[in-house]
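A.B. asks: Shown below is the structure under consideration.
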Ligand SMILES: [Zn+2]
């Protein structure tokens, strides 16, 4: 939820984050120096001190201590998992050699005692270091507001980004039962087209349905032109600013990077929603490429683009998966090997089937189609087959 505080409220929120994070850094130094790791032990040692020295209420003090304890738990897990490299590696030694530090405006959790929601007025009342801030307005999409009202549970994180204020609220929604899919909508991920969808129905259903084999029937393409233009502009700006390397240039770059990420996430949300709605409307499940092998498939010259797009594909796949689960739509992940070279009409697989980036033309049967639609139909067909196999196993069990 985005908060819309008045200037006075914003100042109080900022002072609050600065106070709790100063406290967190103090607690962190004590935890580090005295090697106290368990949250309970840490609370016993520092609770009184934190309340007195930083003017924190009981709940904010406890949350601050817990935030520090949780950060050390996460650090220990990362050290164990080798995230910082092997023992005695420079990165690992650096991570182990000093207390964890918190940014002045690092996010802070608030529970129901420190934060209350008035959904009708669309305002919150929140604890701040200068007393309770009342009637702080918040906003969100109609869907977000409805879900917040119905399903919010537990703590919310207060955070500040680029001068804006947000509350990350947690919602818990029980999944509706999965509907048995009447065929699958295949989703092909790409760059010129972020996503292309095409349906396929099981052979038995296809015989009774209207002929679904017509070229491109039921296919949809979601263009990446706008997103690619934003990325291109960002790359240009980065090239110009990196030459400067000043502090303000760095800040501007960081802000632009976040803006680009928000735009990409927003685009992915919109596409995911349309795909899930279409699957729901037509009674299809959704077949996605198994993204483990996406790096092999997106063969671009520039490695950073591969990283960028593979990250974006994972995000879109994730959005589709959770939105589908929420709508009772089945999702299946299929092997994406050769989906772009295989003919979706006759099954003939040949790299010459793909004379250009955009066109598919089968050298065996002559079937021609937009390359992404052909790939999406292959993914859908694999979804139908994989679902039948996993279901046969269900029936046998
Ligand atoms: Zn063919």
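Laboratory data are not the source of any read-out in this text; all were calculated from the coordinates shown. Treat the numbers as computed from the prediction; the structure is a model and nothing was measured. All Cβ positions, even for glycine, are placed from backbone atoms using ideal geometry, and neighbour counts span all protein chains on display.
A.B. asks: On the basis of being outside any helix (DSSP H, G or I) and in contact with a strand residue (DSSP E or B) (Cβ under 9 Å, 6 or more places away or on another chain), does residue 287 make the cut?
C.D. replies: Working: outside any helix (DSSP H, G or I): yes; in contact with a strand residue (DSSP E or B) (Cβ under 9 Å, 6 or more places away or on another chain): yes.
Yes.
A.B. asks: If you scan the range 63-90, which residues turn out to be at negative phi and not in a helix (DSSP H, G or I)? Break it down into steps so the answer makes sense when it comes.
C.D. replies: Applying the first criterion (at negative phi) to the range 63-90 yields 63-81, 83-84, 86-87, 89-90.
Passing the criteria: 83, 84, 86, 87, 89.
A.B. asks: Further, regarding this structure: Of the numbered conditions (1) outside any helix (DSSP H, G or I); (2) loosely packed, with under 15 Cβ neighbours inside 10 Å; (3) in contact (Cβ under 8 Å) with a residue 40 or more places away in the chain, residue 15 satisfies every one except a single condition; which is it?
C.D. replies: (1)
A.B. asks: Go through 99, 60 for me and flag whichever is surrounded by 14 or more Cβ atoms within 10 Å (Cβ to Cβ), under 30 Å from the mean Cα position of the chain (by Cα) and assigned to a loop (DSSP other than H, G, I, E, B). Full working, then the answer.
C.D. replies: Values: 60 fails: assigned to a loop (DSSP other than H, G, I, E, B).
Step by step, each of 99, 60 is checked, and only 99 is surrounded by 14 or more Cβ atoms within 10 Å (Cβ to Cβ), under 30 Å from the mean Cα position of the chain (by Cα) and assigned to a loop (DSSP other than H, G, I, E, B).
A.B. asks: Let me ask something else. Which members of the range 67-87 meet the condition of being out of contact with any helix residue (DSSP H, G or I) (no Cβ under 6 Å at 6 or more places or on another chain), surrounded by 15 or more Cβ atoms within 10 Å (Cβ to Cβ) and over 22 Å from residue 110 (Cα atoms)?
C.D. replies: 75, 79
A.B. asks: Go through the range 334-372 and count every residue that is under 20 Å from residue 220 (Cβ atoms), within 12 Å of the ligand (Cβ to nearest atom), in contact with a helix residue (DSSP H, G or I) (Cβ under 7 Å, 6 or more places away or on another chain) and part of a loop (DSSP other than H, G, I, E, B).
C.D. replies: Residues in the range 334-372 being under 20 Å from residue 220 (Cβ atoms), within 12 Å of the ligand (Cβ to nearest atom), in contact with a helix residue (DSSP H, G or I) (Cβ under 7 Å, 6 or more places away or on another chain) and part of a loop (DSSP other than H, G, I, E, B): 1 in total.
A.B. asks: Out of everything in the range 145-168 that is out of contact with any strand residue (DSSP E or B) (no Cβ under 7 Å at 6 or more places or on another chain) and closer than 24 Å to residue 106 by Cβ, what residue ends up being surrounded by the most Cβ atoms within 10 Å (Cβ to Cβ)?
C.D. replies: Just the residues of the range 145-168 that are out of contact with any strand residue (DSSP E or B) (no Cβ under 7 Å at 6 or more places or on another chain), to begin with: 145-146, 149-150, 160-163.
Checking which are closer than 24 Å to residue 106 by Cβ leaves us with 160-163.
Values: 160: 18, 161: 13, 162: 11, 163: 8.
Only one residue fits best here, namely 160.
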